[in-house]
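S.K.: Below you'll find the structure I mean.
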Amino acid sequence: MATTSCWFLFFVWVWWLPLMLAGGEEQQGEGCLPKMCGNLTISNPFWLPDKGAGRSCGSMDFEVACHNNSFPGLRSSIPLASGLGFAIIDISYKENSLRVVDQGNLELLQASNSCLGMILNTSVKLGEPFRINPVGLNLILYNCTEEGAAATAAHRDRDLVKTGVRCRNESKVLVRTGVPYDATGNYGGYALKGCEAVVVPVMGSSGEANVSNYEQLISNGFLLTWDLPQPAPAPLHTSSRTRKFTPSNYFVFKFVATFSAYCIVPETSLVASM
């Protein structure tokens with residue numbers, strides 16, 4: 001009887017142990033494998049969530065969503081005001097840079113009623129590891145009162161044009177292009193009385209930025225660089241007495257104890273102890 005039980009326990013052990021070890025490895029949450037989204041490869045430090053696994057395998061700042069299985073996107077730090085966040089056009093892993101489009105601002109400029117949303121400075125929507133590459137330019141959107149718009153029109157500033165943003169009176173939303181990047185974020189020299197200004201980074205040089213093509217400039221995106229995420233602290237080396245007792249360790253221990261009691265200890269010892 002004991003021999004039959006031993007063989008049964010042995011076969012259970014052979015079948016079940018690899019599954020438990022694999023489960024233990026999955027609980028460690030190691031890095032995700034590279035995946036495709038559209039025509040881009042998403043790999044370290046970026047990662048696509050695995051809905052089936054139900055766990056993360058990287059820094060949340062670098063989590064990428066694959067929209068409609070066609071293009072990857074970065075989350076915005078203000079998601080409710082920024083639509084889909086930033087659509088990723090290209091990634092250079094060697095240079096730690098990527099080209100993205102501010103989807104929130106682009107959608108508002110193209111919306112039938114842009115009063116339903118808000119246009120924000122792109123810089124405030126970026127996650128902590130990301131920086132705007134200073135090689136590009138900026139365009140500035142002005143949301144003006146009627147008085148501010150009238151005063152601006154009177155100056156006949158050729159660097160300003162009205163946009164197609166549909167929010168009551170279209171002439172109240174103006175745009176200026178060709179503004180050099182300022183690392184300090186000081187664009188006070190471009191302020192207009194009676195207008196709120198929003199700074200949006202774009203690609204190109206001052207000679208290429210045509211104010212009449214402001215939507216195309218935004219659609220072409222801009223460059224971001226990123227700082228690599230800080231590595232997680234290494235786990236402390238612990239003795240066998242303080243080592244973490246995981247569920248898989250517990251069941252292994254229970255199996256060994258059972259197997260030893262019924263199959264390793266001689267039957268005479270079991271009889272003597274009864």
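The values are calculated or read from the model by the stated rules, or taken from the named source; none is laboratory data. On a predicted model such as this, the values are computed, not experimentally measured, just so you know. Cβ: placed from backbone, ideal geometry, glycine included. Neighbour counts: every protein chain shown.
S.K.: Any residue in region 126-137 that is under 20 Å from Arg75 (Cβ atoms) sitting within a Cβ distance under 6 Å of a residue that is among the hydroxyl-bearing types (Ser, Thr, Tyr) and in a loop (DSSP other than H, G, I, E, B)? List the pairs, counting only those 6 or more apart or interchain.
M.R.: Cβ pairs passing all conditions: Gly127/Ser77.
S.K.: Does at least one position in region 101-108 carry a residue that is part of a loop (DSSP other than H, G, I, E, B) and either modelled with pLDDT under 90 or more than 18 Å from Asn213 (Cα to Cα) (or both)? So that I can check it myself, show each step before the final result.
M.R.: Here is the first cut: in region 101-108, the ones part of a loop (DSSP other than H, G, I, E, B) are none.
No: zero hits.
S.K.: Considering only region 137-159, state which residues are over 41 Å from the mean Cα position of the chain (by Cα) and surrounded by 22 or more Cβ atoms within 10 Å (Cβ to Cβ).
M.R.: Residues satisfying the conditions do not exist here.
Table: residues versus (1) in a loop (DSSP other than H, G, I, E, B); (2) among the charged types (D, E, K, R); (3) modelled with pLDDT under 85.
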{"site": "Phe8", "(1), (2), (3)": "no, no, yes"}
{"site": "Val14", "(1), (2), (3)": "no, no, yes"}
{"site": "Gly23", "(1), (2), (3)": "no, no, yes"}
{"site": "Ala53", "(1), (2), (3)": "yes, no, yes"}
{"site": "Pro72", "(1), (2), (3)": "no, no, no"}
{"site": "Ser77", "(1), (2), (3)": "yes, no, yes"}
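S.K.: Tell me yes or no: at least one residue of region 177-192 is more than 34 Å from the chain's Cα centre (by Cα) and over 29 Å from Trp226 (Cβ atoms). If you could, list the steps in order and put the result at the bottom.
M.R.: Within region 177-192, the first condition is being more than 34 Å from the chain's Cα centre (by Cα), and the residues that meet it are 192.
From what is left, the residues that are over 29 Å from Trp226 (Cβ atoms) are 192.
Yes, region 177-192 contains a residue that is more than 34 Å from the chain's Cα centre (by Cα) and over 29 Å from Trp226 (Cβ atoms).
S.K.: Does at least one position in region 33-42 carry a residue that is at pLDDT 80 or above, hydroxyl-bearing (Ser, Thr, Tyr) and in contact with a strand residue (DSSP E or B) (Cβ under 8 Å, 6 or more places away or on another chain)? Before the answer, list the steps.
M.R.: Pass one, region 33-42, residues at pLDDT 80 or above: 33-42.
With hydroxyl-bearing (Ser, Thr, Tyr) added as a condition, the list becomes 41.
In the following step, the residues that additionally are in contact with a strand residue (DSSP E or B) (Cβ under 8 Å, 6 or more places away or on another chain) were identified as 41.
Yes, region 33-42 contains at least one residue that is at pLDDT 80 or above, hydroxyl-bearing (Ser, Thr, Tyr) and in contact with a strand residue (DSSP E or B) (Cβ under 8 Å, 6 or more places away or on another chain).
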